[in-house]
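What follows is a single structure, written as structure tokens, with notes after it.
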């Protein structure tokens with residue numbers, strides 16, 4: 001039996017039921033000490049809550065309101081329901097931006113995962129110069145996006161491209177490549193820049209995950225006769241899955257809402273072939289002053305991202321549930 | 001800040017006593033009824049701005065640094081005379097719209113913003129009425145050019161004071177033209193195609209931007225359509241009229257020109273790309289302002305020597321220009337509207353404007369007609385074609401009245417993308433159909 005004034009509730013296993021119900025029950029049953037701790041925790045959380053409320057929740061709610069009005073710059077609008085969304089649905093440029101965004105996100109994320117995994121595996125097996133190489137690998141991620149993208153704009157310039165010069169000198173091309181001029185090439189060039197920039201995030205996170213895998217598991221697999229690919233597929237990949245899903249979740253969200261790369265490299269051109277949701281929302285909302293329509297274009301991302309997030313969180317939880325059952 | 005004030009200013013600037021300066025300004029500007037510094041001097045009163053008053057002006061970075069340097073010096077002089085602090089903030093031209101929008105929504109920011117094109121129409125709800133000032137300046141200086149007025153006069157009032165137009169014409173290499181066997185610059189678009197074809201075969205293509213950039217692509221595409229009798233809307237400002245035979249002809253010709261004469265990197269260019277390409281010697285002709293020539297004179301004298309300028313090509317319906325106008329708007333949220341107007345009055349006054357115009361080396365066409373015969377235009381005959389372009393300039397949204405819908409069409413690059421799609425392989429008819437449908441959505445909203 002615990003001494004008076006203390007509870008052992010924290011030692012009891014949590015009961016099944018909703019987190020909210022469980023939390024409220026614990027609050028009702030809390031001791032004075034626990035309640036003080038809880039209040040103190042709330043005070044410590046307050047700055048974060050205020051920041052998120054001010055810079056995330058408020059703009060989000062305001063954005064929803066704007067998207068349901070015909071607000072233009074300098075004039076408060078009136079409620080128009082889903083008229084802005086209907087207009088967008090009928091807008092060929094918006095549909096192109098939607099298509100581009102899906103392709104851009106899918107391709108860039110898969111490429112970053114592939115290249116990131118390769119880099120992580122290589123860094124994990126390094127025998128020397130670990131610190132320098134790991135630090136160098138992070139550079140694309142650390143350099144401010146605007147600066148690195150401007151450098152890429154020079155490298156992909158149709159007249160002065162260093163990339164074209166190198167490929168020409170190596171005999172790999174006979175005519176210059178117009179990296180940002182063709183409707184397909186321009187989008188893939190932007191994807192390339194995104195992959196260059198985002199791969200370190202995948203690599204460093206997957207590397208951290210790799211280092212939690214015990215070498216004994218690999219030894220056991222080797223003893224059983226598994227080759228390198230089999231060890232990756234049956235040991236590394238499944239054990240890395242939770243980390244992989246988390247990093248992909250973040251990457252999908254960031255890539256889907258990408259703006260800077262496209263804005264600097266192409267402005268959404270040529271002929272809207274590189275427009276994404278974010279750049280088109282900017283063009284509609286800021287360049288034309290139609291804030292309501294711009295907000296609607298921006299919010300169009302939300303349902304898709306929400307579904308992606310739900311799916312990935314479900315997948316992660318399912319994986320955790322499976323691990324718990326196996327452990328039980 | 002800044003010591004390069006241009007030759008014409010040296011006799012006017014230096015240590016001018018305040019009273020002399022104020023009297024001089026009064027003498028140039030006229031009666032006390034005009035207000036501003038002359039009015040204050042005439043009334044015998046000191047300016048009444050509290051200590052610590054700050055005036056903030058936002059504008060684009062000019063391609064001619066000497067002009068910016070002088071303008072900043074003039075702003076400082078105004079501030080000294082008025083006992084206020086004047087901040088001139090210069091940013092990339094593509095960013096001015098973003099800043100303006102943010103400022104108007106937040107109701108806080110610069111007191112004066114220099115807008116490009118017909119943005120005063122687009123952002124009309126956030127701009128103060130400056131009719132008294134604009135009308136007075138127009139009367140003094142021989143009246144405004146139609147284009148300058150069109151982009152700053154909204155409804156029945158002036159929402160901005162015209163500042164100037166960016167001139168643009170055909171920049172070309174005389175030496176390569178001669179080498180190709182042509183004694184003068186082609187007059188029509190068809191002739192240009194033939195000349196350009198020959199030049200491209202010699203390794204000196206024509207350069208033109210068809211990407212998403214504010215100035216150059218529009219300066220090519222709009223006049224091309226106009227020259228063939230096409231235009232966006234009818235005079236009623238509502239009926240979309242782009243799908244005319246003339247527009248299709250222009251589109252087809254441009255598409256043919258793409259392979260025949262253009263540098264095929266143009267789809268990914270921005271406004272600075274053709275400048276770089278011309279000065280690097282990789283293109284022979286481009287549509288641009290005088291910035292190529294001025295940078296050439298400064299840093300690439302051998303190229304400047306063989307660079308010349310010619311009017312835009314002519315089509316069956318005439319010769320036209322899309323010139324980017326600049327106007328100074330006082331923001332409605334500004335607490336310094338009176339001071340802002342006085343500052344605009346100050347720098348638009350001939351005494352200040354002339355040295356700036358000369359320092360800009362005719363890069364900007366002044367908004368009023370009094371400057372048409374200024375010797376600066378003929379001092380260097382290579383610059384005269386820029387001056388003449390204002391006479392054939394049209395506003396966006398022609399043949400309808402200028403307005404926010406034309407701004408929307410510009411911001412969405414409808415005209416430019418119509419050309420770009422055709423270049424990329426979409427049949428010109430389909431490309432025209434797409435552009436017409438997009439314009440209909442804009443003009444029917």
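Things worth noting here:
- Test: residue in region B:214-224 that is at pLDDT 95 or above and more than 30 Å from residue A:153 (Cα to Cα): no
- Region A:120-167 holds helices (runs of 4 or more DSSP H) entirely within its bounds, and those carrying 2 or more residues that are over 17 Å from residue A:201 (Cβ atoms) and within 14 Å of chain B (Cβ to nearest Cβ) map to A:145-155.
- For region A:277-321, the set of residues classified as within 13 Å of another protein chain (Cβ to nearest Cβ), within 30 Å of residue A:178 (Cβ to Cβ) and under 22 Å from the mean Cα position of the chain (by Cα) consists of A:279, A:280, A:281, A:282, A:297, listed by residue number.
- One residue from B:261, B:257 being surrounded by 20 or more Cβ atoms within 10 Å (Cβ to Cβ) and in contact with a strand residue (DSSP E or B) (Cβ under 6 Å, 6 or more places away or on another chain): B:261
- In the set A:89, A:65, only one residue is within 14 Å of chain B (Cβ to nearest Cβ), farther than 30 Å from residue B:120 by Cβ and out of contact with any strand residue (DSSP E or B) (no Cβ under 6 Å at 6 or more places or on another chain); that residue is A:89.
- Only one of A:61, A:50, A:80 that is surrounded by 10 or more Cβ atoms within 10 Å (Cβ to Cβ), over 23 Å from residue A:279 (Cβ atoms) and in contact (Cβ under 8 Å) with a residue 40 or more places away in the chain: A:80
- Candidate set: region B:212-228, residues that are touching a strand residue (DSSP E or B) at 6+ places or on another chain (Cβ under 6 Å) and assigned to a helix (DSSP H, G or I); chosen: the one farthest from the other protein chains (Cβ to nearest Cβ): B:227
- Test: residue in region B:364-377 that is within 14 Å of chain A (Cβ to nearest Cβ) and over 19 Å from the mean Cα position of the chain (by Cα): no
- Those residues of region A:68-86 which are in contact with a strand residue (DSSP E or B) (Cβ under 9 Å, 6 or more places away or on another chain) and assigned to a strand (DSSP E or B), in sequence order: A:69, A:79
- Output for region B:374-397, where each listed residue is out of contact with any strand residue (DSSP E or B) (no Cβ under 8 Å at 6 or more places or on another chain) and crowded, with 23+ Cβ neighbours inside 10 Å: B:395, B:396
- Yes/no for residue B:421 being buried (at least 24 other Cβ atoms within 10 Å of the Cβ), without any contact (Cβ under 8 Å) to a residue 40 or more places away in the chain and facing chain A (nearest Cβ under 9 Å): yes
- Of the strands (runs of 3 or more DSSP E) that lie entirely inside region B:74-183, those containing 2 or more residues that are over 19 Å from residue A:289 (Cα atoms) span B:85-91, B:161-166, B:169-173.
- Only one of the listed residues (B:127, B:123, B:159) is more than 30 Å from residue B:196 (Cα to Cα), surrounded by 24 or more Cβ atoms within 10 Å (Cβ to Cβ), modelled with pLDDT under 95 and within 14 Å of another protein chain (Cβ to nearest Cβ). That residue is B:123.
- Residue B:306 vs. criteria touching a strand residue (DSSP E or B) at 6+ places or on another chain (Cβ under 6 Å), more than 14 Å from chain A (Cβ to nearest Cβ) and either without any contact (Cβ under 8 Å) to a residue 12 or more places away in the chain or surrounded by fewer than 21 Cβ atoms within 10 Å (Cβ to Cβ) (or both): yes
The values are calculated or read from the model by the stated rules, or taken from the named source; none is laboratory data. Fair warning: this is a prediction, and the values are worked out from it, not measured in the lab. All Cβ positions, even for glycine, are placed from backbone atoms using ideal geometry, and neighbour counts span all protein chains on display.
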